[in-house]
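Before any comments, here is the structure.
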Amino acid sequence: MASILLFGATGDLARRMLLPSLYGLDVDGWLGPDVRIVGTARSALSKADFQSEARQAIEPHQSGGLGAKGDVERFIARLDYVPLDASNRDGFIRLSDALDGDNDDVSIFLSTAPGLFAAMIEGLRHAGLTGPNVRLALEKPLGSDLASSRAINDAVAVAFPEERTFRIDHYLGKETVQNVLALRFANRLFEPLWTAGTIEHIQITIGETVGLEGRVDFYDQAGAIRDMVQNHMLQLMALIAMEPPAKFDATAIRDEKVKVLRSLRPIDMQAARSHVVTGQYAAGHQGGKLVQGYTEELGKASDTETFVAIKAHIDNWRWKGVPFYLRTGKRQPERRSEIVIQFKPVPHSIFDAVHVGVQPNKMVISLQPDENIGLTLMAKRPGLDQEGIRLQEVALDLGLANIFSDSRRRIAYERLLLDLIKGKSTLFVRRDEVEAQWAWIDALRQSLADAKVKPLLYAANTPGPSAVDDLLERDGAKWHG
Ligand code: BG6
């Protein structure tokens, strides 16, 4: 019989993502009839309390069209709850008892403060919950720098070998992120063009309209660089830039990603001044109301960045001289995540530039809010054109949302939880990847500190400080959108 243990079960992630995702899997028949889900956290809830919290979390999904009332009841009946203080090892025995001694196939999801990881692992070991059929998923933040990330990885490795450790980066569960692999490696067309010879630069943007969302203490310790770049943005970059893996399996794909991460050019002090812009949002009007600035929300002065743009390089043959412009920020005018592949111009234009010059092709892989892939191409405008052919940039749009309109859009965690249950590691981050990510981020943060780079203020609902445009304009480029 299989069990799922959710640590941090009363938290925001469980309510917004994990419980609805498990419910979605249940509706689609992915959870066997005997699978039980045991939630645990510090709160002294009863099983009935937890079930009622879970009901509130999933009912909006049901009323939104996912499953029927009977599905909700079946799912709720799977749930149990055990209050647990991580420092008390005996509490873990009660947890194991809740599984009726059935430790055959257990998936554990830890979404708790990393400071508790070592005690958690020790408790799990004490209760016999670290055997060969137990898999452990770890939610970020996994440390705040390379040293603390190593300490967490070491603590976990005492009881869980790498093949049973599943580090979450929820971006890897997003449909379009995997579509990047399909696009690159299931089509003959693009791969020969995917090099410095043809690509001028690449942009990766993750813009969010939200501010702190109540995560005041966490965010002020983290900032955009650690919260978004260290994980999601570097993973996107690795998927875009990696060499073709020999097969679609966990080792082959992660081997290729880690090579990219290790080839990132360290940002030194000079590059910190010229290739990085950090920002912090100030008050502004958004969504028809005045929203507070970051420090007002926080209630104190702070140098934490809520926005960052970086010109990065991958020092290898394929990407020699191709800038990767990364930018992410809170309180942006729109929620938009995308990857833009900007191709080089044609080497020589045979067309008269009087009407419209030949524009270089551009591929836009949209992740959010809609998933799509588009390509801009030059076409001839209809007409007799006695004074020379008129060209126009036109969009070749895959319209993924329409083609696959009959498929349900899934929460990224649905895929990740299912893979965890099935023991498939491809979409989880391997230790060497996380550590390569931290090594680059640590050096970047050190260089920013040494160069005394401080975040520039930008008004909420604007696309970051104006210096962000200069970062590209100096190279004769422009941000997309
Ligand atoms: C999380 C960050 O990892 O990703 C949040 O901690 C951020 O600050 C979130 O809001 C963005 O995820 P998504 O899926 O909404 O783009």
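The values are calculated or read from the model by the stated rules, or taken from the named source; none is laboratory data. The structure presented is a predicted model; accordingly, all values stated were derived computationally and were not measured. A quick note on method: Cβ atoms are made from the backbone with ideal geometry, for glycine too, and the neighbour counts reach across all protein chains shown. In case anyone asks, the SASA skips ligands and DNA or RNA and just uses the protein heavy atoms, side chains included. Shrake-Rupley method; radii C 1.70, N 1.55, O 1.52, S 1.80 Å.
Quick notes on this structure:
- Part-to-part distance (alpha-carbon centres) for segment 366-398 and segment 133-204, which is given in Å: 33 Å
- The listed peptides 362-369, 179-186, ordered by packing as a protection proxy, come out as 362-369, 179-186 (highest mean of other Cβ atoms within 10 Å first).
- Surface accessible to a 1.4 Å probe, residue 63 within the full protein complex, Å²: 90 Å²
- Annotation: residue 210 carries an accessible surface of approximately 40 Å², with a 1.4 Å probe and no ligand, DNA or RNA atoms counted.
- Accessible carbon and sulfur surface of segment 3-139 relative to its total accessible area, %, 1.4 Å: 49 percent
- Carbon + sulfur, % of accessible area of segment 172-473 - ligands and nucleic acids excluded, 1.4 Å: 53 percent
- Take 408-421, 309-322 and order them by the average number of nearby Cβ atoms within 10 Å per residue, most first; the result is 408-421, 309-322.
- A simple charge model with +1 on the Cβ of Lys and Arg, -1 on the Cβ of Asp and Glu and nothing else charged puts the dipole of segment 172-473 at about 500 debye relative to its Cα centre.
- Distance between modelled label sites at residue 151 and residue 221, nm, 7 Å Cα→Cβ extension: 1.1 nm
- Farthest toward positive dipole pole in the chain [+1 Lys/Arg, -1 Asp/Glu at C-beta], among 357, 444, 62: 357
- At a probe radius of 1.4 angstrom, the accessible area of the chain per residue rounds to 44 square angstrom.
- Taking Cα centre as origin and charging only the Cβ of basic (Lys, Arg, +1) and acidic (Asp, Glu, -1) residues, the dipole magnitude of segment 137-205 rounds to 120 debye.
- Mean separation of Cα contacts under 8 Å (6+ apart) over length of segment 172-473, as relative contact order %: 29 percent
- Remark: segment 68-76, residue by residue, has Karplus-estimated 3J(HN,Hα) of 10, 4, x, 5, 4, 4, 4, 5, 4 Hz, where x stands for each Gly or Pro and the curve is 6.51 cos²θ - 1.76 cosθ + 1.60 at θ = phi - 60°.
- Helix 431-450 vs. the chain, principal-axis angle (Cα, 0 to 90°, nearest 10): 60 degrees
- Per-pair calculated FRET efficiency, R0 = 56 Å: residue 450 and residue 424 via Cβ, rounded to 0.05: 0.85
- Cα centroids of segment 454-481 and segment 241-287: 18 Å apart.
- Probe 1.4 Å, all protein chains present, accessible-area order of 431, 474, 254, largest first: 474, 431, 254
- Given +1 at the Cβ of Lys and Arg, -1 at the Cβ of Asp and Glu and no other charges, the dipole of segment 306-427 around its Cα centre is 600 debye to the nearest 20.
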